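Everything below concerns the one structure shown next.
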């Protein structure tokens, strides 16, 4: 799980979903900033935002659409690294 790779002193910047609050507490992370998109907040304190992650997720999702319907037996032939640039 990704939690094994996050150092306790790292800053976690997320949306306001409650699962991130629980994750932060469970992993004993000291720094957690939330961006409330429901209130149209895109940037917090002038520096905290999640737009890079949202953009990467959107591009990955678009790239994967071409594989819709790929048979399970061909999954090992898909590339391991997805070009995001």
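The condition (being at negative phi, touching a strand residue (DSSP E or B) at 6+ places or on another chain (Cβ under 8 Å) and either at pLDDT 85 or above or in a loop (DSSP other than H, G, I, E, B) (or both)) is satisfied by just one residue among 60, 29, 80: 29. The set of residues in the stretch 32-43 that are touching a residue at least 12 places away in the same chain (Cβ under 8 Å) and outside any loop (DSSP other than H, G, I, E, B) comprises 32, 33, 34, 35, 37, 38.
When residue 24 is tested against (1) in contact with a strand residue (DSSP E or B) (Cβ under 9 Å, 6 or more places away or on another chain); (2) outside any helix (DSSP H, G or I); (3) modelled with pLDDT of 85 or more, only condition (2) is not met. Summed over the stretch 44-55, the residues that are in a loop (DSSP other than H, G, I, E, B) and under 17 Å from the mean Cα position of the chain (by Cα) give a count of 2.
The values are calculated or read from the model by the stated rules, or taken from the named source; none is laboratory data. Everything numeric here is computed off the predicted structure, so don't read it as measured data. In this analysis, Cβ positions are derived from the backbone assuming ideal geometry, glycine residues included, and neighbour counts consider all displayed protein chains.
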